[in-house]
Every structure is written in structure tokens, then in C-alpha cells.
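What follows is a set of notes on a single structure, which appears directly below.
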Amino acid sequence: VVLSLWYGESTASAAYLLQHGNYPIPEKYVYAETTSYDTISNAFYTRTSFTDIAGWRKLLVVTNEFHIERSKAIFDWIFHAPATSSATNDDGGYEM
């Protein structure tokens with residue numbers, strides 16, 4: 001897989017998942033958050049653009065070992081904030 005430098009990390013990761021030689025993921029299961037430029041806005045836009053709208057409550061965050069503690073803290077912070085959309089489930093609980 002050759003990825004151009006203009007790809008953002010989410011777009012590049014999505015392309016990798018879709019084109020993986022041994023275990024390609026079907027396109028209907030891959031969502032790329034392309035609005036953010038840092039981890040806090042990545043968590044925020046993931047919640048407001050995908051999970052709150054679709055009602056998803058289980059979330060898998062893929063990152064590297066160096067970034068995992070920070071990512072977990074940020075996603076826990078954003079995803080345990082009170083829901084603001086009427087499209088969300090009544091309990092607001094997320095599983096990561």
C-alpha cells in the first residue's frame with residue numbers, strides 16, 4: 001500500500017484497514033474522523049460526528065503504546081461527559 005503524504009492519520013489508517021492483504025475490513029465497517037488535528041478534538045469529533053448520531057456505545061480506539069495512556073484519559077473524559085444530543089441512548093454509557 002502506497003499512501004501519499006497528504007493523507008491524514010485517520011485516512012491513512014482507514015486505507016490500510018481496507019487494503020490489508022490478509023485481513024481486509026469491509027468498507028461499511030470503517031469510519032475515518034478527518035476534522036481534528038489533536039487527540040482532544042479527535043475524541044470530540046468522533047463522539048459528535050459518529051457515536052452520538054449512530055447511537056454506538058462500544059468504541060475501539062487504536063493508537064500506539066507511547067500514546068495509549070493519554071488517549072485513554074482523553075477519550076474517557078470526552079465520552080463520559082453528559083450527552084447533548086437527543087439521538088443518544090438514555091444511559092449515555094460508553095464501553096471502550
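The values are calculated or read from the model by the stated rules, or taken from the named source; none is laboratory data. Worth saying up front: this structure is predicted, and the values here are computed from it rather than measured. All Cβ positions, glycine included, derive from the backbone under ideal geometry; neighbour counts span all protein chains shown. In case anyone asks, the SASA skips ligands and DNA or RNA and just uses the protein heavy atoms, side chains included. Shrake-Rupley method; radii C 1.70, N 1.55, O 1.52, S 1.80 Å.
Structural remarks
- Residue satisfying all of: in region 47-70; more than 17 Å from Thr35 (Cβ to Cβ) and not in a loop (DSSP other than H, G, I, E, B); modelled with the lowest pLDDT among these: Lys58
- Of all residue pairs spaced 6 or more apart or on separate chains, none has beta-carbon atoms under 8 Å together with a first member in region 24-39 that is at pLDDT below 85 and a second member that is open to solvent by 70 Å² or more (accessible area, probe 1.4 Å) and part of a loop (DSSP other than H, G, I, E, B).
- In region 21-46, residue most open to solvent (accessible area, probe 1.4 Å) [restricted to those that are part of a loop (DSSP other than H, G, I, E, B) and among the polar types (S, T, N, Q)]: Asn22
- In region 5-20, the qualifying residues are those that are part of a loop (DSSP other than H, G, I, E, B) and open to solvent by 60 Å² or more (accessible area, probe 1.4 Å), and the one that is modelled with the highest pLDDT is Tyr7.
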